[in-house]
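Worksheet for the structure shown next.
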Amino acid sequence: MKLALILNVIDPKIGGVMIMGDRGTGKSTTIRAIADLLPKIRVVLDDPFNSDPHDYENISDHAKNFSSEKQSLQTTLINVPMIDLPLGATEDRVCGTIDIEKALTEGVKTFEPGLLAKANRGILYVDEVNLLDDHLVDVLLDSSASGWNTVEREGISIRHPARFVLVGSGNPEEGELRPQLLDRFGMHAEIKTVKDPSLRVQIVEQRSQFDQDPYSCMQEYAKQQDLLKLQIIDAQQLLPEVIIDFSLRMKISQICAKLDVDGLRGDIVTNRAAKAFAAYNSRKKVDVSDIKKVIILCLRHRLRKDPLESIDSGMRVQQITNEIFGE
């Protein structure tokens with residue numbers, strides 16, 4: 001789970017993480033904690049869509065108007081946005097709507113940005129994603145596919161960038177996820193309850209320690225946290241230089257073909273994740289161990305389910321991987 005989240009921070013184009021597991025295993029806690037590891041990002045000042053001043057293709061119309069009027073854009077540094085999408089949210093709240101107050105007081109139609117606008121260039125987290133209403137799932141599918149959110153409301157037409165890392169968590173007992181949405185997640189981690197008594201005691205003690213004195217508990221781990229932050233920043237800078245040999249790319253595609261994975265998203269995500277893992281380990285070349293480390297996370301949720309098969313999808317991926325790599 002932690003590795004999948006870190007790799008998505010290094011390369012957001014991997015496409016997010018779906019974390020499924022037993023309740024009470026710290027899924028939400030871990031996801032919310034990842035926000036502390038993210039380096040700050042540069043955005044256009046007073047732009048509600050967190051537009052990147054150096055990426056003109058994906059800049060909002062609001063910022064474009066700004067630049068045409070003032071020639072040079074003013075920028076500022078902000079923390080990477082971590083936005084929660086509640087299950088009961090309305091479509092207007094997610095996509096954005098008409099600013100009623102301005103319409104009534106000034107008589108002008110203006111757009112009030114929604115959660116997708118706030119999540120641009122950040123993380124959009126959906127807890128209990130398998131319980132999300134179908135109409136919100138459609139909205140997420142649309143914006144995560146195109147990277148843009150289009151709103152048509154009461155004579156207003158607005159289009160703004162909505163490029164976010166989609167992170168979902170849920171308990172498989174509460175229902176399956178729609179295949180289209182599941183396929184949108186780059187990686188899929190499965191969490192099981194810890195069985196080792198000594199590790200359980202360690203977790204309970206850490207939790208009690210944090211409840212009694214959160215500040216000193218955070219201070220105790222501040223050095224490790226800062227080291228991890230630096231490692232992630234170094235990996236982000238190294239990532240463009242990382243290469244993966246043609247023979248390894250062929251093997252990844254052989255595995256996907258043998259597993260009968262629909263589409264090519266599995267191949268693309270595995271290549272990206274292997275590169276991110278190599279960068280995370282300060283290497284410029286991907287080797288077989290990198291692929292083995294990430295391939296189950298990238299492919300387990302893309303396999304067609306056979307009701308007569310009892311073997312876990314993670315085991316199936318591992319078997320075929322060992323077979324293709326000749327082990």
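Brief remarks follow.
- Just one of the listed residues (R93, R32) is at pLDDT 85 or above and under 30 Å from L227 (Cβ atoms), namely R32.
- Considering the range 65-153, the qualifying helices (runs of 4 or more DSSP H), each wholly inside and each with 2 or more residues that are in the same structural domain as A35 (by TED's automatic domain parsing), closer than 30 Å to R42 by Cβ and in contact with a Leu (Cβ under 9 Å, 6 or more places away or on another chain), run over 91-95, 115-119, 134-146.
- From R178, R184, residue being touching a Ser or Thr at 6+ places or on another chain (Cβ under 6 Å), under 30 Å from I98 (Cβ atoms) and of a type in the set (D, E, K, R): R184
- Scanning the range 92-139 for residues that are touching a strand residue (DSSP E or B) at 6+ places or on another chain (Cβ under 7 Å) and hydrophobic (A, V, I, L, M, F, W, C) gives C95, I98, F111, L115, L116, A117, A119, I123, L124, V126, V129, L132.
- Test: residue in the range 264-278 that is over 18 Å from F185 (Cα atoms), touching a helix residue (DSSP H, G or I) at 6+ places or on another chain (Cβ under 8 Å) and not basic (K, R): yes
- Within this structure, V317 passes the test of being crowded, with 22+ Cβ neighbours inside 10 Å and not charged (D, E, K, R).
- Tally of residues being polar (S, T, N, Q) and closer than 12 Å to S169 by Cβ across the range 127-145: 1
- Selection within the range 162-204 - among the acidic types (D, E) and assigned to a helix (DSSP H, G or I): E173, E174, D183
- Flag for R200 being basic (K, R), crowded, with 18+ Cβ neighbours inside 10 Å and either modelled with pLDDT of 85 or more or touching a Gly at 6+ places or on another chain (Cβ under 7 Å) (or both): no
- Residue within the range 225-247 that is surrounded by 13 or more Cβ atoms within 10 Å (Cβ to Cβ), touching a Pro at 6+ places or on another chain (Cβ under 6 Å) and touching a residue at least 60 places away in the same chain (Cβ under 8 Å) present: yes
- Single match in I244, I252, I320 (criterion: farther than 19 Å from N8 by Cβ and either touching a helix residue (DSSP H, G or I) at 6+ places or on another chain (Cβ under 6 Å) or not acidic (D, E) (or both)): I320
- In the range 254-266, the residue that is nearest to the chain's Cα centre (by Cα) out of those that are more than 19 Å from S289 (Cβ to Cβ) and surrounded by fewer than 19 Cβ atoms within 10 Å (Cβ to Cβ) is R265.
- Taken over the range 186-227, the residue count meeting the criterion of being among the hydrophobic types (A, V, I, L, M, F, W, C) and more than 26 Å from D22 (Cβ to Cβ) is 3.
- Residue among R153, R159 that alone is among the charged types (D, E, K, R) and within 30 Å of L77 (Cβ to Cβ): R159
The values are calculated or read from the model by the stated rules, or taken from the named source; none is laboratory data. Just so it is clear, the structure is predicted and the values come from calculations on it, not from any experiment. All Cβ positions, glycine included, derive from the backbone under ideal geometry; neighbour counts span all protein chains shown.
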